[in-house]
Every structure is written in C-alpha cells, then in structure tokens.
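What follows is calculated from the coordinates using simple rules that are stated; it is not laboratory data. Note that the coordinates shown come from a computational prediction; the quantities given were computed from them, not determined experimentally. Neighbour counts run over all protein chains shown; Cβ positions are idealised from the backbone, glycine included.
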Amino acid sequence: MRELDHIEEPSPMSETLENLLNETRQFPPPAEFAAAANVTEGAYAEATQDRLAFWEKQAHRLSWAKEWEQVLDWTNPPFAKWFVGGQLNVAYNCVDRHVEAGRGDKVAIHWEGEPGDTRTITYSDLHRSVCQAANALTDLGVTAGDRVAIYMPMIPEAAVAMLACARIGATHSVVFGGFSADALGGRVNDASAKVVITADGGFRRGKPSGLKAIVDEAAAKSPSIEKVIVVRRTGQDVDWDDSRDLWWHDVVETASAEHTAEAFDAEHPLFILYTSGTTAKPKGILHTTGGYLTQASYTHNAVFDLKPDSDVYWCTADIGWVTGHSYIVYGPLSNGATQVMYEGTPDTPHRGRFWELIQKYKITILYTAPTAIRTFMKWGDDIPAGFDLSSLRLLGSVGEPINPEAWMWYREHIGGDRCPIVDTWWQTETGAIMISPLPGVTAAKPGSAMRPLPGISADVVDDQAQSVPDGGGGYLVLREPWPSMLRTIWGDDERFKETYWSRFQDMYFAGDGAKKDADGDLWLLGRVDDVMLVSGHNISTTEVESALVSHPKVAEAAVVGATDPTTGQAIVAFTIPRGGVDTEGDAGEALIQELRNHVAKTLGPIAKPRQIMLVPELPKTRSGKIMRRLLRDVAENRSLGDVTTLQDSTVMDLISSGLQSGK
Ligand code: 6R9
C-alpha cells in the first residue's frame, strides 16, 4: 500500500541483506533482436550530453499545432513546465493523424469481452467514436478545464471516453471499476466532476458486475454531478433518473462524427488519477498534455521496441490504473499500434485464457504484472504449454518488484527462452516508465530493473542525501525533472511539495528503497514504509519474499514486520503453498519449519521469520499490489484498517478464518 504522508523517519538501508545482489544470471538480447531494435546504446550518451535536446527531439514524435519556445521552465521548482508555449491536441495525435496518413483501416483495438464476444476497431472507427463522444460532451455543456469522471469496465468506450475528454480539453479522472461508492464519491467530489461516464456493468469471473448502481449511490453525495452517461454492456436492469441519466447509444452514437480538434497548451491539465491513501485522503495526481504524451509515446516505442506495422501488443492492465492510461491508451495509440484489449479475468472461462488470446491474435508483445505471473506459476506449467506462444517476441513486467524466480519462469514458460524481458519501474506520479532495460541493448538480470532510461536521472541516496556507491542501498530518488512528471496534487500544492520534495533537497523522493549492484544496476526493494527493522538490521520485505518464492513448494509470499518485544520488529510471513502441496496437520507444521530454515539458509539467520502462516490468498489492490498494511494488522492482532481498495474483500475473511483453524 502506498502512502508517503505518514511514514516515520525511514532508516538507512545500506546494511540490508546481500542476497539479491548475488544473482549472477544475465541475458543479453538475441543478436537479431538487437540488430533491428528501435533504440540502440547510443541513446544513453546522446541524452547525457544534452538532456533537454534529447527530450526536444522526442517531442517531435508528436504533431504540434504550435511549436514550443522553451523546452523546460524549472525556475519555480518543484513546479515544472515542459514545452512552454507549445500547443497540441492529444486525441488528434492518438487518432486523427494516423487516419490522415492513410492508416485509417489499420486495427487499433482487437477487443475481447470476457464471455467471448469480440469487436474490431480500426483507427477510422476510433476517430468516428471519439468525435461523436466529443460532440456529445460539448452538447452537455462540458468545456475545456471541466472534470469528467470515468467509471467503466474494460470496454472500448472507456478509451473513447478518455480520448473524447482529451479532445475537448476536459480533464478526466478515471476511477477503477471495482471501487466502492464511497471511494468513487470521494474522488468525484475532490475533483468536482460535472459528468460521470459509466456502464450498466461489466463481466468479471463470468458474472455481470453492477457499476451504474454504485454511481447512483455516489451521486447522491456528489452535488457537482450534472449528468451520467451510461454505456449498455451487460443489459442488466438499472435504476434511472430521467433528469440526470443518459444512454451512451442515445447521446453519443447519434451525435455528429464531424469534430475539429482544438489545440491546447502543453501544460493544459490532461488527467487526474488518484493514488490510494491508507488513512489519509487519496492524492489526485495531476498530469498535463505535451510532456506527458511525449514521454508516454517515447517510452512505449523504446521499451517495447514497437514496430507499428507488424506488432500486436497487449497490456493486461485495467484502464483505471496508470498503466492503462499510459500503455493502453496514450502510448500505444499515439504510436499507431495494433493492440488487444481484454475485459475479464485470466481464469474465465478457464485458466488458459491469456495464452488462448496470445495464440488467437498472434500477440507479439505482452506487458503484465508480477502478481499475474506468480498466479500462473501456481496454476502450473502445463497450462501455457498447451498453447502456441511462438508469436511473442518481448515480455514486460510492472507494478511490483519481480522475484528472480518469477522472472525466470516468465522467460522460460511464456517467452520460450528467446524473448527479452523488460522490468519497468515507474509510478502514477512519474506518468511513464523511468527505469527499465532497453530490450535491444541491455543484458538483463532476473529481478533487476537495471538502469534509468535515456533522459532520466535516477539515483540511490543514503539518509544524508549522498549518492551511495555501487553495492550500496538506500532511497530511490530522481535528480532532474522529466517530461511526464506529475505537476502537482490536485488542489493541494503544499501536499505535493511535502510528500515528494521535502525528504531530500532538490530531489524527488519516490518512496521506494533500492540497491545498486557491483555494476551499478538498480534493484527495487519495495516501499520504504514496508522495510523491517529486526534487531537493528534493515531487512526488505522483497528479499524475504523472493527467498520464500524460490522454494519449490511456495507459490506466493507476503512479508511484514510485526512489533516484537525482543527484536523490535519480527518477520511474519504469509505464504501460499503451490497447488498439490500437503498442508494438513503435521505436514503443514513441517512445511513451516522447512520454509523458516530455507529463508535462514538463503539470507542468513537474522532473516529467519518468527512466524509463517500458510494462507489460501493474499490481499491485493486492483493493480495487484500486496496490501501489507492489512497483513500487519493481522500479525499484530489489530482490527483491520481501510479495506476499500482491496480487489476482493472476502480475502481477509479467508485469511483470518484459516489462521483461527490453526493453519
Ligand atoms: C506503474 C505503477 C508505483 C509503485 C512504485 C513501486 C512499485 C512499480 C515496479 C515497482 C519494483 C517495478 N513498482 N513498478 N517496484 N519494480 N518494476 O505501478 O504505478 O500504481 O503508482 O505504483 O509500484 O513501489 O513506487 P503505481
């Protein structure tokens, strides 16, 4: 769980365990891949020589109505302005220009609904829909600068709604379709959104989920909402307020498809995306237009080596996560990619659904999260082995540190030992990828995000803000502004300064711990507020989790530090055994001892968990991050804190009842 506002003074992590740094396997790109790569080694030197000239060159990837006068205005830090004076329209860049260049018949989105229904949307189709939605919003009185909330399932209309807002200069705020009425209402109110775009529901795990009903509940407490536009997706019954509610097919699909995009200032607000808070109010991260699109477009091209004419790209994220914003909507569409968009979960109607989609659409680039990869490992190697995955040529990972074990499994069982893997570190706040291998250049190490991308200056510093030497550990910081950086927290400049810019002078503090190995490559260690202090030693949760996952009987693990009278904090691990492992009675007890000893042997006796609990599931956010805060509550026998951002609210009951029965 991410929350920087209330962390205690963090302690240095220079003395953390050495285990991850002992990883010696390295995988250079195949020669053929390297020879055809979009970006080569020279990009690093070019960007180091003149960072602003480098980004200025990348901005020329886009079509601007008016050229900028200045690349970066950093005279009032931490408030950055990129491409000052420039003007562009984001939707024009993502849609119109591809149509104008004669690529209107190219498929933009192969959409697959969970029940198996499909839609094929070309760039011309997308253009028509975005223009219609832009006209419909304008007719409802939405103008540039107004906020529009989007609360949708993974259907093409979600992308259309975002692009329509961008087209007319309205600022969108996408809220995860799984969030509660309170969470939605809080975000709508914070941004004073005028319009909500939603659907009757969406399909998840074979069932229609209700969205409109939640919007109704949120709207009752959100006076700013004037209109609610509803896409018919599931056909379920919904309550209707004639003065407020409108069907998408009545207002959008009947609107004119003629719309001329107006250019907006490079610093015009494009979207707000809320990062979940624990006890504090969620932070509305504000992104603007020119710099954001420049970096989303550049990184999507560079990191995924996108060849728009031959690649079929698939990012499995939800549109309500920043990954969906930058790597389903803005990055791929600005680059004219053909992509797959999938509505449902990976286990519906069967556990091979992802691999079936790869086989069906001949997907070449797959971008997913470690949580999904660990789930697939748990389900067994035979499932992906039953499908033809030979179209894949590149794999990506995002969201959490990827354990070396999961990385190797991904490479072997999904990538057929031939596809480069890009482990991409970034945040809602950074807007786009910051640290990642370049797939045609980097000899990647399993579990390392490797180096900052060209044009990005990341570093690891100690408590005194000094850069740590190779082999050292500390806090991940960003030393120079970057084009897609957040501009502020919506409505709260002070909190923006306090949260990200006050821990170290003149540096952005990301809130993550990291290490540099002997080659200077970066290893992410999780949020600093998750680091444990055991008998005076700093131990990262990531390292103990990776040690547990490296045991053949473990599928997944989450580790927390619980208050302990003798050691200050003690390590408590929640562990999901792999399928088929016997955990009943004595066998469970024996497994626990085996795992405690395994960790002690791998990392040293100091890291031996005080307690290991065998559990069926772990609490996760919708983007797959483990909510260690809730597990800490369990480990310290407290009542649970806020569970509104949990993906599945029954998980905590499962864990608690399993514990009571002695598991
Ligand atoms: C894109 C996204 C950001 C936090 C970030 C870090 C963790 C993301 C990671 C990673 C290690 C990676 N994180 N990618 N940790 N390796 N490749 O996830 O944004 O939801 O804002 O989360 O996620 O802790 O600070 P967001």
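Summary table
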| quantity | calculated |
| --- | --- |
| Karplus (6.51, -1.76, 1.60) ³J(HN,Hα), θ = phi - 60°, over segment 266-273, in Hz, Gly and Pro reported as x | 4, 9, 5, x, 8, 8, 10, 9 |
| Amide proton proximity set for residue 608, modelled H, under 5 Å, gap of 5+ | none |
| Chain lengthening between residue 617 and residue 566 when straightened (0.36 nm per residue, less Cα-Cα) | 15.4 nm |
| Square roots of five times the Cα gyration tensor eigenvalues for segment 138-192, Å | 19, 15, 7 |
| Debye intensity ratio I(q)/I(0), log10, segment 185-231, q values 0.25 Å⁻¹ (C-alpha model) | -0.86 |
| Mean residue ellipticity (222 nm) of the chain, computed from DSSP H runs ≥ 4 via -39,500 (n - 2.57), nearest 500 | -7500 deg cm²/dmol |
| Antiparallel DSSP beta bridges within segment 104-191, as percent of all bridges there, nearest 5 | 55 percent |
| Pairs from 515/608; 378/620; 515/620; 57/497 whose Cα-Cα separation, in the structure shown, is over 19 Å | 515/608; 515/620; 57/497 |
| Residues whose placed amide H lies under 5 Å from that of residue 534, excluding near-sequence neighbours | 539 |
| Reduced Cα scattering model of segment 519-663, Debye log10 I(q)/I(0), q = 0.10, 0.12, 0.14, 0.15 Å⁻¹ | -0.32, -0.47, -0.65, -0.75 |
| Rg to Rh, two decimals, where the chain supplies the alpha carbon set and Rh follows Kirkwood | 0.95 |
| Largest-first principal axis extents, alpha carbons of segment 436-541, Å | 43, 42, 22 |
| Debye log10 I(q)/I(0) for segment 166-267, one point scatterer per Cα, at q = 0.13, 0.19, 0.23 Å⁻¹ | -0.52, -1.02, -1.29 |
| Cα-Cα over 18 Å, subset of 221/283; 81/283; 307/362; 227/283; 66/194 | 221/283; 81/283; 227/283; 66/194 |
| Of every Cα-Cα pair in segment 239-310, the percent that sits beyond 13 Å | 80 percent |
| R0 of 41 Å, Cβ-Cβ distance residue 143-residue 347: FRET efficiency to nearest 0.05 | 0.40 |
| Where only C-alpha atoms are counted, convex hull volume of segment 288-420 per residue in Å³ | 104 Å³ |
